[in-house]
Amino acid sequence: MLIILEKYNYSEALKIIEERLQSLKLYYKMYEEDEKKIIVVGDKGQTAELDSLQSLPGVERIVAVTKPYKLVSRQFKETDTIVNIGGVPIGGGHFQVIAGPCAVESKQQLFTVAQEVKNAGAVLLRGGAYKPRTSPYSFQGLKEEGLKLLAQARELTGLPIVTEVVDIRDVSQVAYYADMLQIGARNMQNYHLLQEVARTNKPILLKRGLSATIEEWLLAAEYILREGNNQVVLCERGIRTFEPYTRNTLDLSAVAAVRHLSHLPVIVDPSHGTGKWFLVGPLAKAACPLGAHGLIIEVHNCPSEALSDGEQSLTPHNFQVLMKDIRELKRVCGKS
């Protein structure tokens, strides 16, 4: 339930409401949206008691939110949220492309790819400094050295950087270097990590879990918004199904569903969604007319020698060709 207070005329009502909520032992939290104070009540019970608050001076209206995710819901906010990452807007009428290597491997590799993706039209640079791998013997990333290289690549190209946080102990370090913090599929339901990254007040890229439902994905985002950070971009990156041909099954229907259910922007990751470089382009091009707000794509200067996910990485040339098609699709779809 949402209790929305009138602008500049809520002090008396606020005191009464808080006393009532405390007496009913209901969890609540207060937020500001469009200069209005909004009280989010997390409990579904006591509806009659709360409806009586409607008559208080200063209460504009009370809205019953039927979804378990309150702050993420369109019922909380009807207009699209636009997330700003170092001056780059994602959401609303914008369609942006994030690109870069799966993992930061070396200065030469990163700087080469960063310059290539910028020249092709990418507006944010992705790259993993910490890599969660299925095998403990696989390349785990350069860690802080990788973060330093990403910061240098930002200076070189001017592209804000997006990189993953995999452990709660690394949040402050990654937040120091990065413009946007990524929560990967494996950590989508790591709720302590979600709360910790939320408190950095940095924009968050939240990937859908391997087997997560849309509701579980949105509830994960709710953990971040509940901490007061509404700068969240959702990312559909494919789910695990019975089909073994592709690495995952890219659920493009989820993009349209999320646009209906939530005000948060949603982008698509066709690299992880397919695991095959030759499928990245077709699915990337499907995302724009579908209503997605952008893409995150893996690009490597020599995919055959990549230390991580080379089979799903585009070469700079293939990425450049794809971006020409994306620009035309943006024009046709009226996206900026």
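The values are calculated or read from the model by the stated rules, or taken from the named source; none is laboratory data. Computed from a prediction, not measured in an experiment: that's the story for all the values here. With ideal geometry, Cβ positions are generated from the backbone for all residues, glycine too; neighbour counts draw on all protein chains shown.
Output yes when any residue across the range 9-16 is within 23 Å of V266 (Cα to Cα) and either surrounded by fewer than 18 Cβ atoms within 10 Å (Cβ to Cβ) or modelled with pLDDT of 85 or more (or both), and no when none is.
There is no residue in the range 9-16 that is within 23 Å of V266 (Cα to Cα) and either surrounded by fewer than 18 Cβ atoms within 10 Å (Cβ to Cβ) or modelled with pLDDT of 85 or more (or both).
Going by what's in this entry, would K37 be described as in contact with a helix residue (DSSP H, G or I) (Cβ under 8 Å, 6 or more places away or on another chain) and crowded, with 16+ Cβ neighbours inside 10 Å?
Judged against the criteria, K37 is a match.
I need a count of the residues in the range 301-330 that are of a type in the set (F, W, Y) and either outside the structural domain of S271 (by TED's automatic domain parsing) or farther than 17 Å from K276 by Cβ (or both).
0
Restricting attention to the range 74-89, and to residues there that are more than 19 Å from V299 (Cβ to Cβ), touching a strand residue (DSSP E or B) at 6+ places or on another chain (Cβ under 9 Å) and among the β-branched types (V, I, T), which single residue is surrounded by the most Cβ atoms within 10 Å (Cβ to Cβ)?
Top of the filtered list is V83.
Just to check your reading of the model, which residue among P132, P89 is within 30 Å of K285 (Cβ to Cβ), in the same structural domain as N190 (by TED's automatic domain parsing), in contact with a helix residue (DSSP H, G or I) (Cβ under 6 Å, 6 or more places away or on another chain) and not in a helix (DSSP H, G or I)?
None of the others qualify; the one that does is P132.
Restricting the search to the range 163-183, which residues are of a type outside the set (A, V, I, L, M, F, W, C) and touching a Pro at 6+ places or on another chain (Cβ under 6 Å)?
Step one: list which residues in the range 163-183 are of a type outside the set (A, V, I, L, M, F, W, C), which gives 163-164, 167, 169-170, 172-173, 176-177, 179, 182.
Across the range 163-183, the qualifying residue is only D179.
Being within 26 Å of the chain's Cα centre (by Cα), outside the structural domain of D179 (by TED's automatic domain parsing) and either in a loop (DSSP other than H, G, I, E, B) or touching a residue at least 12 places away in the same chain (Cβ under 8 Å) (or both): is that true of V97 here?
Spelling it out, it is not the case that V97 is within 26 Å of the chain's Cα centre (by Cα), outside the structural domain of D179 (by TED's automatic domain parsing) and either in a loop (DSSP other than H, G, I, E, B) or touching a residue at least 12 places away in the same chain (Cβ under 8 Å) (or both).
Only one of these is on the phi < 0 side of the Ramachandran plot and buried (at least 19 other Cβ atoms within 10 Å of the Cβ): S271, S253. Name it.
It is S271.
Is it the case, given these coordinates, that K29 is outside any loop (DSSP other than H, G, I, E, B), outside the structural domain of E216 (by TED's automatic domain parsing), among the basic types (K, R) and on the phi < 0 side of the Ramachandran plot?
In short, yes.
Pairs please, first residue from the range 50-73 and part of a loop (DSSP other than H, G, I, E, B), second anywhere and surrounded by fewer than 18 Cβ atoms within 10 Å (Cβ to Cβ) and among the β-branched types (V, I, T), Cβ atoms under 7 Å, 6+ apart in sequence or on different chains.
What qualifies is L56/I16.
Pairs, please: C-beta under 6 Å, at least 6 apart or cross-chain, first residue within 15 Å of T200 (Cα to Cα) and in the range 159-172, second acidic (D, E) and modelled with pLDDT of 95 or more?
I168/E196; V171/E196
Confirm whether L2 is more than 27 Å from I326 (Cβ to Cβ), within 17 Å of the chain's Cα centre (by Cα) and crowded, with 17+ Cβ neighbours inside 10 Å.
No, not satisfied.
How many residues, within the range 274-320, are surrounded by fewer than 19 Cβ atoms within 10 Å (Cβ to Cβ) and β-branched (V, I, T)?
The qualifying residues number 1.
Kindly indicate whether T47 is modelled with pLDDT of 85 or more, polar (S, T, N, Q) and loosely packed, with under 14 Cβ neighbours inside 10 Å.
It is false that T47 is modelled with pLDDT of 85 or more, polar (S, T, N, Q) and loosely packed, with under 14 Cβ neighbours inside 10 Å.
Check the range 121-144 and report whether any residue there is among the acidic types (D, E) and touching a residue at least 40 places away in the same chain (Cβ under 8 Å).
no
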